[in-house]
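The values are calculated or read from the model by the stated rules, or taken from the named source; none is laboratory data. Not measured: the values here are computed from a predicted model. Here the Cβ is made from the backbone with ideal geometry for all residues, glycine too, and neighbour counts use every protein chain on show. Accessible surface areas use protein heavy atoms only, side chains included; no ligands, DNA or RNA. Shrake-Rupley method; radii C 1.70, N 1.55, O 1.52, S 1.80 Å.
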Amino acid sequence: MKEQILVVDDEKEIADLVTLYLENEGFQVFKFYSSEKALECINSQSIDLAVLDIMMPVIDGLELCRKIREHHHYPIIMLTAKGTEIDKITGLTLGADDYITKPFLPLELVARVKAQLRRYTRYNQGQEQNQDLFVHHGLVLNRKTHECSLNEQPLSLTPTEFEILAILCENKGRVVSSEELFHQIWKDEYYSKNNNTITVHIRHLREKMQDSFEKPKYIKTVWGCGYKIEN
């Protein structure tokens, strides 16, 4: 069965171009030029990944991302205008997994889509790990079932948030740098010291876990080094 991709962008040329490249790779694409129409599709189709433009009238991409995250956990890639760093941070905070800045190469977007789908599919099918189950002060993370709970309450994590937490759990007691986290998740992509993607995801994780930044019970920041979960 073809994987189904939702593409939403009010710039028709971009939406049409992205759709063309994705369809050439064998994906089934649901293309919309407005969020209102896309909402109907979200509720009626089994979507595997969404590509959302941020700057859209009436319901923008950030609001659409928020609405998707109310009921769905599939990957979301945001399209942002050049220089709108606050939109990138907001998108990640609302649950987006990745972003790409306009103008972009269509093949780069296709590569991002494939990377996100591989990770999401791998999580849902379960994968063999040396440590599939992690338990720490009420936190329970299961790699095979892709489930995570805190004090017996399920945590609703995006695939990227789950992967960051899983990597920290697997390296319990060891500091993991932002660069290491970035490369483990996004593989061969270029990492810049000015890239705050990991920082935003960590902050979102702490919010969901109700973990204190000043006195963290779970994710500790080691200044200048990275993050770790204490033994």
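Scanning the stretch 185-202 for residues that are modelled with pLDDT of 85 or more and open to solvent by 40 Å² or more (accessible area, probe 1.4 Å) yields one hit, Thr199.
Does at least one position in the stretch 156-174 carry a residue that is touching a Phe, Trp or Tyr at 6+ places or on another chain (Cβ under 7 Å) and more than 21 Å from Arg69 (Cα to Cα)? Full working, then the answer.
Within the stretch 156-174, the first condition is being touching a Phe, Trp or Tyr at 6+ places or on another chain (Cβ under 7 Å), and the residues that meet it are 159, 162, 168-169.
Filter once more, so that each one left must be more than 21 Å from Arg69 (Cα to Cα): 168-169.
Within the stretch 156-174, one or more residues are touching a Phe, Trp or Tyr at 6+ places or on another chain (Cβ under 7 Å) and more than 21 Å from Arg69 (Cα to Cα).
Scanning the stretch 131-155 for residues that are exposed (fewer than 13 other Cβ atoms within 10 Å of the Cβ), under 14 Å from Met209 (Cβ atoms) and not charged (D, E, K, R) yields His137, Asn151, Gln153, Pro154. Within the stretch 19-65, being within 11 Å of Asp9 (Cβ to Cβ) and acidic (Asp, Glu) holds for one residue alone: Asp53. State whether one or more residues within the stretch 161-169 are touching a strand residue (DSSP E or B) at 6+ places or on another chain (Cβ under 8 Å), at pLDDT below 85 and surrounded by 14 or more Cβ atoms within 10 Å (Cβ to Cβ). So far as the stretch 161-169 goes, no, none of its residues is touching a strand residue (DSSP E or B) at 6+ places or on another chain (Cβ under 8 Å), at pLDDT below 85 and surrounded by 14 or more Cβ atoms within 10 Å (Cβ to Cβ).
Among residues of the stretch 203-231 that are at pLDDT below 95 and open to solvent by 100 Å² or more (accessible area, probe 1.4 Å), those with a Cβ under 9 angstrom from a residue that is assigned to a strand (DSSP E or B) and not aliphatic (A, V, I, L, M), sequence gap 6+ or separate chain, pair up as Phe213/Thr221. Under 6 Å by Cβ, and 6 or more places apart or on different chains, what pairs join a residue from the stretch 118-146 that is assigned to a strand (DSSP E or B) and aromatic (Phe, Trp, Tyr) with one that is modelled with pLDDT of 75 or more and open to solvent by less than 30 Å² (accessible area, probe 1.4 Å)? Cβ pairs passing all conditions: Phe134/Leu141; Phe134/Cys169.
Yes or no, residue by residue, for (1) touching a residue at least 24 places away in the same chain (Cβ under 8 Å); (2) crowded, with 21+ Cβ neighbours inside 10 Å; (3) touching a Pro at 6+ places or on another chain (Cβ under 9 Å):
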{"residue": "Ser34", "(1), (2), (3)": "yes, no, yes"}
{"residue": "Ser46", "(1), (2), (3)": "yes, no, no"}
{"residue": "Ile59", "(1), (2), (3)": "yes, no, no"}
{"residue": "Leu64", "(1), (2), (3)": "yes, yes, no"}
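In the stretch 58-66, is there at least one residue being modelled with pLDDT of 80 or more and either within 17 Å of Leu157 (Cα to Cα) or in a strand (DSSP E or B) (or both)? Yes, the stretch 58-66 has at least one match.
Within this structure, Ile86 passes the test of being open to solvent by 80 Å² or more (accessible area, probe 1.4 Å), farther than 30 Å from Pro154 by Cβ, out of contact with any helix residue (DSSP H, G or I) (no Cβ under 8 Å at 6 or more places or on another chain) and not acidic (Asp, Glu).
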